[in-house]
Each structure stands twice: as C-alpha cells, then as structure tokens.
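Novice: Below is a structure I'd like to ask you about.
The values are calculated or read from the model by the stated rules, or taken from the named source; none is laboratory data. Note that this is a predicted model, so its numbers are computed, not measured. Don't worry about glycine lacking a Cβ; one is built from the backbone with ideal geometry, like all the others, and counts go over all protein chains shown. For accessibility, only protein heavy atoms count, side chains too; no ligands or nucleic acids. Shrake-Rupley method; radii C 1.70, N 1.55, O 1.52, S 1.80 Å.
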Amino acid sequence: MSGMAGIEDQRTARAAVKLTYDDFVHFPDDGRRHELIDGEHYVTPSPSTRHQGISGNLFLLIGNWLEEHPVGRVFYAPLDVVFSHFDVVEPDLLYLSNERAAQVITPLHIRGVPELVVEIASKGTRKRDETIKRRLYERMEVSEYWVVDPAIDVVRVYRREGDRFGRPQELSREASDVLTTTLLPGLDLPLTRIFRE
C-alpha cells in the first residue's frame, strides 16, 4: 500500500511543477504556437489561410486607422506577451496605447499588459480562447478581449467592468454589425470587412 501512495505522491509532484519563462525560451521554433498559462504548456498548430486572412484584415483596418490617428500601436503574431514568469502567450493581434507601449515594449517581446487582445478561434483553440485565455486576460486586467469566430462570422467582445469582464457583446457579419471600441474612438470595424474573403 505504501508503494502505491509513493507513486501517487510522485504523480502529484510532477503535476504540480509549473513551467516558467526560462523553460519557454527553450521550446522549439517549429512553426507552432507555444504558450504558457499558469505554468502549463499549450501548443497550437499553424493557422489556416482563413485565419490568416481575417488576422490580416483586422491588422490592416486598425493599422491604417492608426496611421491617420497615431494614438498607439498594433502588433500581430508571432509576438510573445510575457505577463508573468508562468504566463506567456501569443495573441493573434494586440493593441497598445502610446503610453502603455512606452512601458511594456522591449526589443524581444511585450512585457506587460496590452489594452486590447484579439484571438481568432479555430477548431483546436475555440474552447481555450473562451475559457482559459479569457480568465487569464481578465486576471491580467486586459481592458478588452475580442474572440473572432470564423466558423460563424461572429466577434464576441469582452470589456472590463471593474475587476472582471462583463457579459460579452456578440456581433455578427450576417447582421452587418460594426465593431467599435472606446480604446480607438472613431474607428469603425464593419464585420463585413473583417470577414471578407
């Protein structure tokens, strides 16, 4: 009986070991997305062409607007966002105001909290984006989190209300909705343009 208890203790000890940023920098450069969330390693395959098209559309829409209104910077994956020693993610897109950018941009990565994080869901990431990552971004005090769902041409927008995200606003291409944000006042993002082929 004591032998079985020892095996269980070893399993529990291994499960309790958290990976850190020091481990993260040694992950292979294999074209897949490697992330740490609360010390647990997550790997995602390379994105699809549809995913990349939507990411490009969003980047161009926001980036072109920022050319005319230089209030901040937009970045796209792959770029590490180091929240803590145990939390390192690669959002599909992120936005930083000029003030925040001056505090968190390093030559290697973002070390701190973006105001806006965008994840484009896929079959393999949808559940993680809506649960584990949403909770991480909420805990790290991201102001807005957008989950873009290419399967149904919908964007769910989570906005901070106090110390939590409020109930998400769901916008759809079918309804010809237009996404706006107080982070970028005056920017209109029609979902027909976000999801255009």
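Novice: Bin by bin, in steps of 5 Å, what percent of the Cα pairs in segment 99-197 do you find, going until the bin that has the longest distance?
Specialist: 3, 12, 21, 22, 20, 15, 6, 1, 0
Novice: Okay, next question. Run the helix sum for the chain: -39,500 (n - 2.57) per DSSP H stretch of 4+ residues, divided by residue count, reported at 222 nm to the nearest 500 deg cm²/dmol.
Specialist: Rounded to the nearest 500, it is -9000 deg cm²/dmol.
Novice: Now for a separate question. How big is the Kirkwood radius of segment 14-86, worked out from every pair of different alpha carbons and given in Å to one decimal?
Specialist: 14.6 Å
Novice: Could you work out how far helix 49-68 tilts from the main Cα principal axis of the chain, as a 0 to 90 degree angle to the nearest 10?
Specialist: The helix 49-68 is inclined about 60 degrees to the chain.
Novice: Which percent of the accessible area of the chain is formed by carbon and sulfur heavy atoms (probe 1.4 angstrom)?
Specialist: 52 percent
Novice: Report D for the chain in µm² per second (integer): Stokes-Einstein, Kirkwood Rh on Cα pairs, 37 °C, 0.692 mPa s.
Specialist: In µm²/s, the coefficient is 183.
Novice: Among 39-51, 90-102, 114-126, what's the highest-first ranking by average C-beta atoms within 10 angstrom per residue?
Specialist: 114-126, 90-102, 39-51
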